[in-house]
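Visitor: Take this structure, written in structure tokens, and hold onto it; I'll ask about it next.
The values are calculated or read from the model by the stated rules, or taken from the named source; none is laboratory data. As the structure is a computational prediction, the values presented were derived from the model and not from experiment. When we count neighbours, we look across all protein chains shown, and the Cβ atoms used for this are built from the backbone with ideal geometry, even at glycine. Only protein heavy atoms, including side chains, enter the accessible area calculation; ligands, DNA and RNA are left aside. Shrake-Rupley method; radii C 1.70, N 1.55, O 1.52, S 1.80 Å.
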Amino acid sequence: MTNPTAQTRTPLVDAHTHIFLWGENPREGYLSERTRRSWLTRLIIRLTGIDREQGETLSEKMRHRLLRHLEASRIDYAVVLAQDAVYRHDGSRDDASTHFYVSNDYVLDLAKRSAKVLPGCSINPWRKDALSELERCHAAGARLIKLHTAIQGVDPERKEFDPFYARARELDMVLMFHTGYEHSCTVVSQRYTDPGQLARPLGHGGVIIAAHCGTCALFDPEDYYPAFVRMMQRHDNLYGDTAIMASLIRWGSLKRLSLEDADIRSRILHGSDYPFPPARLPYLLRTGLFPPERRNPLDMDLRIKQSFELGEGYGDRVLELLGLGT
Ligand SMILES: [Zn+2]
């Protein structure tokens, strides 16, 4: 018997989630020694209660937790992002400078295990084989590529990246750029996270997502959000996602976004930044003290963000951008 509600309900998509790998098999992915020891990694491990999860290794436990939450969630699909390594400008891989790595094969494989997972591959455009990796990911079913400007050392304005941007456009691949100061991992440069620097990829005409809408933390020396708004006004192929924006250190950023005009809000996409959990305290008046969603960080994050006026296509527009809309 079919469920009529399931057929008519608009799907809900989380366009920005992560999986971490501890490094038992470094070819699949790893966190560097420095990242493993950082206070934030230790805090996330504590907050997520990962030890109680099923699995032999920490990586298995993290994967189990993601799939368990996703399965139980209102979210119908989640883009799970890979994270490419740092590359030198001669195209060679720099493992010593790579502190967070998740291979494309790992997320492509995850998508085969769960119908709710959409693979978000990651390619550092400095790598020698960037174009063939782009084609390989496309052939394997990925429609979104993440470029981590700060961690991967990718300055979006480099003219050397034009062939990469052009090929992504030809293949109708969405390019997601990290924007706004990065705090969770060692960075090459925060300067590359300014959304004002996205003019070159935007000029190729394909869909570009500015992850985090250029928002920075309250204590950062700069605020890139005004540059995000300016770029949104100039380029109608630019979108923003709300990943990490329900965190304490970005207090006020969702409210600010919800006050933008309708044209900007119509290009805002839901993203959580799972496994980073949303803060509940600033949103108690919106969600109540004990919302039923509190046991599932994916649902809790969605509940908080849906309490703001973030445009009609907030929960599902990304499907259309990925060529998966109906
Ligand atoms: Zn993220």
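Visitor: Identify all residues within segment 154-171 that are part of a loop (DSSP other than H, G, I, E, B) and either open to solvent by less than 10 Å² (accessible area, probe 1.4 Å) or under 17 Å from residue 16 (Cβ atoms) (or both); write none if there are none. Before the answer, list the steps.
Guide: Step one: list which residues in segment 154-171 are part of a loop (DSSP other than H, G, I, E, B), which gives 154-158, 171.
Listed by number, the residues that qualify are 154, 156.
Visitor: I'd like the full set of residues that are without any contact (Cβ under 8 Å) to a residue 12 or more places away in the chain and open to solvent by less than 10 Å² (accessible area, probe 1.4 Å), limited to segment 102-111.
Guide: Keep residues of segment 102-111 that are without any contact (Cβ under 8 Å) to a residue 12 or more places away in the chain, which gives 109.
Answer for segment 102-111, where residues must be without any contact (Cβ under 8 Å) to a residue 12 or more places away in the chain and open to solvent by less than 10 Å² (accessible area, probe 1.4 Å): there is none.
Residues checked against (1) among the basic types (Lys, Arg); (2) more than 26 Å from residue 212 (Cα to Cα); (3) modelled with pLDDT under 90; (4) out of contact with any strand residue (DSSP E or B) (no Cβ under 8 Å at 6 or more places or on another chain):
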| position | (1), (2), (3), (4) |
| --- | --- |
| 3 | no, yes, yes, yes |
| 6 | no, yes, yes, yes |
| 9 | yes, yes, yes, yes |
| 19 | no, no, no, no |
| 23 | no, yes, no, no |
| 37 | yes, no, yes, yes |
| 51 | no, yes, yes, yes |
| 57 | no, yes, no, yes |
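Visitor: Only one of 315, 271 is away from the ligand (no atom under 16 Å from the Cβ), in a loop (DSSP other than H, G, I, E, B), at pLDDT 95 or above and buried (at least 23 other Cβ atoms within 10 Å of the Cβ); which?
Guide: Values: 271 fails: away from the ligand (no atom under 16 Å from the Cβ).
Going through 315, 271 in turn, just one is away from the ligand (no atom under 16 Å from the Cβ), in a loop (DSSP other than H, G, I, E, B), at pLDDT 95 or above and buried (at least 23 other Cβ atoms within 10 Å of the Cβ): 315.
Visitor: In the set 209, 249, which member is part of a helix (DSSP H, G or I) and either open to solvent by less than 10 Å² (accessible area, probe 1.4 Å) or out of contact with any Ser or Thr (no Cβ under 9 Å at 6 or more places or on another chain) (or both)? Even if it seems obvious, please write down each step before you answer.
Guide: Numbers: 209 fails: part of a helix (DSSP H, G or I).
Just one listed residue meets the conditions, 249.
Visitor: Look at residue 135 and say whether it is free of Cβ contacts under 8 Å to residues at least 24 places away in the same chain, at negative phi and assigned to a helix (DSSP H, G or I). Please lay out each step first, then the result.
Guide: Values: free of Cβ contacts under 8 Å to residues at least 24 places away in the same chain: no; at negative phi: yes; assigned to a helix (DSSP H, G or I): yes.
It is false that residue 135 is free of Cβ contacts under 8 Å to residues at least 24 places away in the same chain, at negative phi and assigned to a helix (DSSP H, G or I).
Visitor: Further question: Identify, from the list 58, 66, 31, the residue that is farther than 23 Å from residue 241 by Cα and within 16 Å of the ligand (Cβ to nearest atom).
Guide: Working: 58 fails: within 16 Å of the ligand (Cβ to nearest atom); 66 fails: farther than 23 Å from residue 241 by Cα.
The unique qualifying residue is 31.
Visitor: Going through segment 200-220 one residue at a time, which ones are closer than 15 Å to residue 147 by Cβ and away from the ligand (no atom under 14 Å from the Cβ)?
Guide: Passing the criteria: 200, 201, 202, 204, 206, 207, 208.
Visitor: Check 289, 254, 285 and return the single one that is closer than 23 Å to residue 78 by Cα and either away from the ligand (no atom under 16 Å from the Cβ) or not in a loop (DSSP other than H, G, I, E, B) (or both).
Guide: 254
Visitor: Separate question: One residue is enough: does segment 121-129 have a residue meeting the conditions crowded, with 23+ Cβ neighbours inside 10 Å, hydrophobic (A, V, I, L, M, F, W, C), assigned to a strand (DSSP E or B) and touching a Lys or Arg at 6+ places or on another chain (Cβ under 8 Å)? Please lay out each step first, then the result.
Guide: Initial filter on segment 121-129 (crowded, with 23+ Cβ neighbours inside 10 Å): 121-126.
Then keep just the ones that are hydrophobic (A, V, I, L, M, F, W, C); that gives 121, 123, 126.
Restricting the remaining residues to those that are assigned to a strand (DSSP E or B) gives 121.
Okay, now just the ones that are also touching a Lys or Arg at 6+ places or on another chain (Cβ under 8 Å), so 121.
Within segment 121-129, one or more residues are crowded, with 23+ Cβ neighbours inside 10 Å, hydrophobic (A, V, I, L, M, F, W, C), assigned to a strand (DSSP E or B) and touching a Lys or Arg at 6+ places or on another chain (Cβ under 8 Å).
Visitor: Please go through (1) open to solvent by 70 Å² or more (accessible area, probe 1.4 Å); (2) within 20 Å of residue 270 (Cα to Cα) for residue 221 and return the number of the only condition it doesn't satisfy.
Guide: It fails just one condition, (2).
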